[in-house]
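Colleague: After the structure tokens below, expect a handful of questions from me.
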Amino acid sequence: MMIRIPGLAAGLVASWPTLALAEEVSATYRGIGSIYFTFIGAILIYGVYDSFGKRAAYVVGPLIVIGLYVMLPAR
């Protein structure tokens, strides 16, 4: 299972720019912003997990995701 995770992560990272380009034709920053905020959210949630444990990550993780979604640029 652990061998598949890096391959899956590489496939997701490779496909995200395609999703960002397919989102809209106009020149907005929402697509690339969502990619950046996904990486930032993963790092923040891992930091909470590493510092405070699994239970805190389950509580704070959704709050981080909602907060980052609210911070995305408008369409």
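The values are calculated or read from the model by the stated rules, or taken from the named source; none is laboratory data. Source: prediction; values computed, not measured. Every residue, glycine as well, gets a Cβ built from its backbone with ideal geometry; the counts of neighbours run over all protein chains shown. Surface areas here come from the heavy atoms of the whole protein model, side chains and all, with no ligands, DNA or RNA. Shrake-Rupley method; radii C 1.70, N 1.55, O 1.52, S 1.80 Å.
Colleague: Could you please tell me which pairs satisfy a Cβ distance under 6 Å, a separation of 6+ or placement on different chains, a first residue in segment 37-58 that is under 29 Å from residue 73 (Cβ atoms), and a second residue that is open to solvent by less than 80 Å² (accessible area, probe 1.4 Å) and assigned to a loop (DSSP other than H, G, I, E, B)?
Modeller: none
Colleague: Sticking with this structure for a sec: Condition first: assigned to a helix (DSSP H, G or I), surrounded by fewer than 10 Cβ atoms within 10 Å (Cβ to Cβ) and modelled with pLDDT under 75. Can you find one or more residues in segment 21-33 that meet it? If you could, list the steps in order and put the result at the bottom.
Modeller: Here is the first cut: in segment 21-33, the residues assigned to a helix (DSSP H, G or I) are 21-23, 30-33.
Remaining after also requiring surrounded by fewer than 10 Cβ atoms within 10 Å (Cβ to Cβ): 22.
Pick out the ones that are also modelled with pLDDT under 75 and you get 22.
Yes: one or more hits.
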